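Asker: Got a structure for you, written out below as structure tokens; questions coming shortly.
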Amino acid sequence: MEALTGALGGILAAIGLSTLLFVGANRLFDLIVDRWRLYMGVLGLLTGGSFFAILAGNRVLDGSSLRWVGIGALLFAGMAVLPDLVSDRRLRFVVGVLAGLSVGSVVARVVDASVRPTASPKDLVLAVGIAVAAYLAVALLRGQLRPGSLLVVVAFAWVVGTWLLGEVGGGSATAMAVAVLVPFTLVGAALGSGEQRSRVRRYDLQRRTRVGAFLGPAMFFVAMGLVIPLVRTIYLSLHGSKGKIWVGLKNYGEILTNKKSLDLEDWTDIFGSRLTHLGVALLIFGLVAGLLIGRRRGRLLEPTTSSIGPVSVGTLLLMFAVFASLRGTVINNLWWVIVVTLLSTVLGLAAAILADQARFESLAKSLIFMPMAISFVGAGIIWRFMYIARPPQKPQTGLFNAIWVGLGTMAPSGAGQVTVVAILSGVTALLVGLGIFGIRRRQPGITIGSAFVALPILWLLYRFLGPGLGGVETGPLGDSIGKPILFVQEAPFNNVWLMVVLIWIQTGFAMVILSAAIKAVPVDLIEAARVDGATSGQVFFHVTLPTIVPTISVIVTTLIVLVMKVFDIVRVMTNGNFGTQVIANEMWQRTFTEFNLGLGSALAVVLFIAVVPVMGLNIRRMQRAGV
């Protein structure tokens, strides 16, 4: 109860403080047009008081902290107001420089010697150069180059180069003076640059500051939580394991040349893989089916379930053959991105179509969506128990191995095998009858689809009647014992079993979004297609699917970003062992286990670079759509 009361009190206090800050900021902005100097004075008081309060809170001030907070507030107010009291442009610039120099001198004097920075000239040049280049690029794009803004950018870059990139502590008094005087002098020069603000410019500033009152807090947290850590990470990626010795692009070169990250030596195995042969056969099968059905309907190639199905499965098998032959962390990430994104979207689309307007639609969708409520760590633990393999002599507790070993140890003439064979025979007979029906009705799509589904069932029937199916081997005493599958340990397809966990979770996400998109398809289009004699398959491929393509693209890009950063599932189930390493988990291990800050930061930057284009594409598409 006390914890709940404390949490509610904290929430109410945060709401009250936010309201007070928002109202106070708007009252402050009301002074801009008619009482400009008062506005600058109050802004200087608030800025100076906050700045010295932060220094006092970190206990880096000499003398009374409260006294220096008041003095600092007055100094900042003077630096903000004094330049505006001078009408001459050159003299105002001089006043601004002297005011900034004076404030900087006081700050350099009162800050404790234990926090004097040791800045490297190289770091200063790098920080200032990047900041100036970025500002000039933005200014050229906008067509506005303001010297005052450029001075503020250089001052900020100087602070980054001395205090963030350099070492705090152990510096000399001269280094302290340079670290403090330069940025304050530049800020003072910026305040004294340009002409005095006219009333029109004050109106414009008031409008922009009110916008900033809404965006400012969000931008502050984005800067603190994303921009500054990103800059720091890029900086560390260009240094050695301890983050001190400059190594340039060496860490990125190690990522590309290390065989654990990228190994292409066995690429020729792709052509000899059974998966490649089977995939090519299915592709040919699907293309032939599409050509035959298209010829009957007056088209070159007709997309139907009978043609799309084999082509999709064949393509998936070819991808498996490629990624099983090419190894490494980067390859594993690509494998995850392609397979999880493709299967989650396809299965979600299939679930949305099958559940649409069904009798128990809500219940079915709730069950499929339910895995979304489970964390990645929880899902990884659940599936790890389902995949677990015990020694052959012991009973299997993992669900899949219990089924697999049970099938293998089933008596050849037992009731279980007879039942399975009877079911498979009945399904095969139904598929054969459906194929004959398609031949008589001259509908090759039905015949080809029946043959495509019947082939794996016939193989299962052959295995049950012949060599047998399931995990079994002969033990030392000549008896039959279970032979479990090492789902998690056997490379390279253990990666696929890990992907199943994320597919299981994200299928519900894709289904919900696509179900809403399918229901939004105009009924008039569907009815018009049916009136023209279109079948259900033709309605889907020629009406529904083209309409929901924008929604599919949003789902695909969202899943790519999510899968590219996959970490929890791999860490819980294998920790990157057995050839299942991914970039995010390797980044964690390099940084927090091996304490190699340089290589870990480089991996983080690579992951960021891989995700940004997809996010940018998604944002741009949403902007075009007016979302």
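Every number in this text was worked out from the coordinates using simple rules, so none of it is lab data. If you're wondering where the values come from, they're calculated on a predicted model, not measured in any experiment. Because the Cβ atoms are built from the backbone with ideal geometry, glycine has one as well, and the counts that use them run over all protein chains shown.
Asker: Treating only the Cα positions of region 24-237 as identical point scatterers, give the base-10 log of I(q)/I(0) from the Debye formula at each q in 0.11, 0.16 Å⁻¹.
Answerer: Calculated log10 I(q)/I(0) at the listed q: -0.59, -1.33.
Asker: A further question follows. Among 460, 75, which comes first, second and so on when ranked by fewest other beta-carbon atoms within 10 Å?
Answerer: 460, 75
Asker: Grab the DSSP H runs of the chain that are 4 residues or longer, score each as -39,500 (n - 2.57), total them, divide by all residues and round the 222 nm result to the nearest 500 deg cm²/dmol.
Answerer: -23500 deg cm²/dmol
Asker: How would 619, 245 line up from fewest to most surrounding beta-carbon atoms within 10 angstrom?
Answerer: So the residues, fewest neighbours to most, are 245, 619.
Asker: Compute the distance from the alpha-carbon center of region 293-322 to that of region 543-599, in whole Å.
Answerer: 29
Asker: Can I ask one more? Give the cross-link partners of residue 242 among the lysines, using a straight C-alpha distance below 17 Å as the criterion and excluding same-chain residues fewer than 8 apart.
Answerer: Straight-line reach from residue 242, under 17 Å: 250.
Asker: Let me ask another. Using a Cα-Cα cut-off of under 25 Å, which lysines could be cross-linked to residue 519, ignoring same-chain neighbours fewer than 8 residues away?
Answerer: Partners within reach: 365.
Asker: How large is ³J(HN,Hα) for each residue in region 510-520, as worked out from phi by the Karplus curve 6.51 cos²θ - 1.76 cosθ + 1.60 (θ = phi - 60°), to whole Hz, x for Gly and Pro?
Answerer: Along region 510-520, the couplings run 5, 5, 4, 5, 6, 4, 5, 5, 5, 5, 8 Hz.
Asker: Continuing with this model, one more query. In whole Hz and in residue order, list the ³J(HN,Hα) couplings for region 599-605 that follow from phi through the Karplus curve 6.51 cos²θ - 1.76 cosθ + 1.60, θ = phi - 60°; x for Gly and Pro.
Answerer: Karplus-based 3J(HN,Hα) across region 599-605 equals 5, x, 5, 4, 5, 5, 5 Hz.
Asker: Send over the semi-axes of region 73-183's equivalent ellipsoid, whole angstrom and largest first, taken as the square roots of 5 times the C-alpha gyration tensor eigenvalues.
Answerer: Semi-axes from the Cα gyration tensor: 25, 22, 9 Å.
Asker: Below 11 angstrom from the Cβ of residue 196, what's the summed charge of the other residues (Lys, Arg +1; Asp, Glu -1)? Could you put the intermediate results ahead of the total?
Answerer: On the way: positive: 37, 89, 92, 197, 199, 201, 202; negative: 84, 88, 195.
Around residue 196, the charge tally is +4.
Asker: Continuing with the same structure: Please report the equivalent ellipsoid semi-axes of the chain, computed as sqrt(5 x eigenvalue) of the Cα gyration tensor, largest first, in whole Å.
Answerer: Result for the chain: semi-axes of 64, 32, 23 Å.
Asker: Please list, or write none, the lysines whose alpha carbon is within less than 19 Å of the alpha carbon of residue 565, excluding same-chain residues fewer than 8 places away.
Answerer: Here the lysines satisfying the reach criterion relative to residue 565 are 260.
Asker: Just to check I understand the Karplus step: with θ = phi - 60° and J = 6.51 cos²θ - 1.76 cosθ + 1.60, what whole-Hz values come out for region 575-590, glycine and proline as x?
Answerer: Running phi through 6.51 cos²θ - 1.76 cosθ + 1.60 with θ = phi - 60° gives 6, x, 7, 6, x, 10, 5, 10, 4, 5, 5, 5, 4, 4, 5, 5 Hz.
Asker: Only counting other Cβ atoms within 10 Å, I'd like 46, 91 sorted with the fewest neighbours first.
Answerer: Ordered by Cβ neighbours within 10 Å, fewest first: 91, 46.
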